[in-house]
Amino acid sequence: MTDAPETVEWQGRQVPVWPMRTIDYSRLLSQDPSEVDKVVKACLEEGYFQLDLDNIDGRRVLEDREEVLKLMYRFFEAPLEAKNEYGLIDSHLGYEPVGNRTGAFGAGTKDGYEMLKVSRDEIQQGSPRVPSPIKNSGDLRILERAIGGCNTVTKVILSALSTGMGLTGKDRFENSHRNDRPSTTTLSMMHYLPAVKTGQDKIGHQKHTDISSLTLLFSDQWGLQIRPPGECGAREMGFVRPKPGCAFVHVGDSLRFASGMKFQSCIHRVVPFNPTEHRYSIAYFLRAEDDTMFQDSEGRWVTAKEWHDQKFKAFTDPPVWQALAPKSMILGGMKEDGADDPEPVAPFVPAVAKETLVQG
């Protein structure tokens with residue numbers, strides 16, 4: 001799965017479009033042995049795959065995604081004061097304005113997105129802290145259905161991985177992801193603004209691995225880049241082609257640690273493919289119970305909550321501090337080889353904006 005038969009032009013050069021295995025959700029739900037084997041191989045060898053939800057078992061999740069998108073359009077058009085009513089309540093909960101983290105191209109850049117995060121625990125308990133533009137019964141039902149559906153899908157994947165790895169009883173992965181135990185599981189809604197609005201210092205989403213056990217990611221727009229793992233480290237950053245009716249699934253740090261480093265964790269970032277467009281994505285981050293213990297790639301024993309908080313702090317630290325952190329923090333211990341961008345990346349200024357600047 002590491003050959004890239006396809007390329008796409010981006011910033012004046014040809015960039016790989018990396019292939020992904022496609023897993024059929026209906027067959028996985030039925031614990032079809034061949035599909036279970038396929039998803040285990042995807043996690044052992046790549047750390048990511050496409051999940052085909054365009055079937056009787058997954059179509060409701062796709063419909064919920066459409067309703068969440070409508071909610072996002074309305075929410076992100078609201079005044080900043082309303083969106084930021086609570087601010088960032090906790091690292092997995094609340095609103096983050098544009099520019100809180102390092103951008104896609106390292107030191108000197110900030111992220112180019114705003115994000116709203118809704119806690120699964122709070123939705124389940126019926127007391128979610130969400131900003132007033134969407135704090136109404138209709139929108140809360142949309143969020144509840146979406147979180148419930150995503151939770152079911154990711155638990156089905158976890159169960160299949162447990163079975164495929166021969167785990168039994170308390171050792172099964174899903175037994176550290178019980179619904180009634182506190183966790184930082186969250187639904188994150190991201191709005192990437194056009195480069196003409198953010199300027200050249202607020203671009204994309206920095207390279208990282210996810211804190212989660214599994215990430216279920218919905219986006220119909222180009223922009224996600226991954227670095228496939230290899231014997232000598234990860235390969236060149238390349239795009240992933242969005243596939244209708246599918247979601248991206250990434251293995252995160254917690255599941256990699258829980259597998260004894262057998263599973264790969266997906267190195268990825270988000271860049272402006274079309275710098276003139278508004279880009280929207282929805283990510284469900286399934287995370288282990290807060291008190292779950294695992295050994296990280298530095299050999300430390302940490303709880304899932306400790307790992308989450310430490311890594312989130314690293315995300316928001318200045319690049320000079322990130323450089324001082326253990327290598328395992330941003331990339332979860334995954335190895336790399338070579339530069340992210342073999343050639344310098346040109347400024348993301350749309351042609352119309354360039355003409356305006358020249359005239360000015």
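Whenever a residue of the range 28-46 is on the phi > 0 side of the Ramachandran plot, its partners that are at pLDDT 95 or above and of a type in the set (A, V, I, L, M, F, W, C), lying with C-beta atoms within less than 7 angstrom and at least six residues away or across chains, give the pairs Q31/A160. Would you check if there is a residue in the range 204-220 being touching a His at 6+ places or on another chain (Cβ under 8 Å), among the aromatic types (F, W, Y) and either touching a residue at least 12 places away in the same chain (Cβ under 8 Å) or more than 18 Å from V270 (Cβ to Cβ) (or both)? No, the range 204-220 contains no residue that is touching a His at 6+ places or on another chain (Cβ under 8 Å), among the aromatic types (F, W, Y) and either touching a residue at least 12 places away in the same chain (Cβ under 8 Å) or more than 18 Å from V270 (Cβ to Cβ) (or both). Residues that are within 30 Å of L193 (Cα to Cα) and surrounded by fewer than 19 Cβ atoms within 10 Å (Cβ to Cβ) are absent from the range 27-48 altogether. Just name the residue that is surrounded by the fewest Cβ atoms within 10 Å (Cβ to Cβ) out of those in the range 300-345 that are of a type in the set (F, W, Y) and farther than 24 Å from R235 by Cα. By that ranking, first place goes to W301. For residues that are of a type in the set (A, V, I, L, M, F, W, C) and within 22 Å of the chain's Cα centre (by Cα), scanning just the range 54-84, find the one that is farthest from A146 (Cα to Cα). Only one residue tops the list, namely F76. Is there a residue in the range 7-17 that is in contact (Cβ under 8 Å) with a residue 12 or more places away in the chain, surrounded by 14 or more Cβ atoms within 10 Å (Cβ to Cβ) and among the small types (G, A, S)? No, the range 7-17 contains no residue that is in contact (Cβ under 8 Å) with a residue 12 or more places away in the chain, surrounded by 14 or more Cβ atoms within 10 Å (Cβ to Cβ) and among the small types (G, A, S). Taking the range 253-322 as the region of interest, the strands (runs of 3 or more DSSP E) fully inside it that hold 2 or more residues being closer than 23 Å to R227 by Cα and either modelled with pLDDT under 95 or in contact with a Phe, Trp or Tyr (Cβ under 9 Å, 6 or more places away or on another chain) (or both) are 267-270, 279-286.
Taking the criterion of being over 26 Å from T316 (Cα atoms), touching a residue at least 24 places away in the same chain (Cβ under 8 Å) and among the acidic types (D, E), the only residue of the range 103-159 that qualifies is D139.
If the condition is being buried (at least 17 other Cβ atoms within 10 Å of the Cβ) and at pLDDT 90 or above, then the range 93-108 contributes L93, G94, Y95, E96, V98.
Note on the range 109-129: among residues that are in contact with a Phe, Trp or Tyr (Cβ under 9 Å, 6 or more places away or on another chain), crowded, with 16+ Cβ neighbours inside 10 Å and of a type in the set (D, E, K, R), the one that is farthest from F273 (Cα to Cα) is R120. The criterion of at least 3 residues that are in contact with an Asp or Glu (Cβ under 8 Å, 6 or more places away or on another chain) is met by the following helices (runs of 4 or more DSSP H) wholly inside the range 6-86: 25-29, 59-76.
The values are calculated or read from the model by the stated rules, or taken from the named source; none is laboratory data. Note that the structure is predicted; figures quoted are calculated from it, not measured. We place every Cβ from the backbone using ideal geometry, glycine too, and count neighbours over all the protein chains shown.
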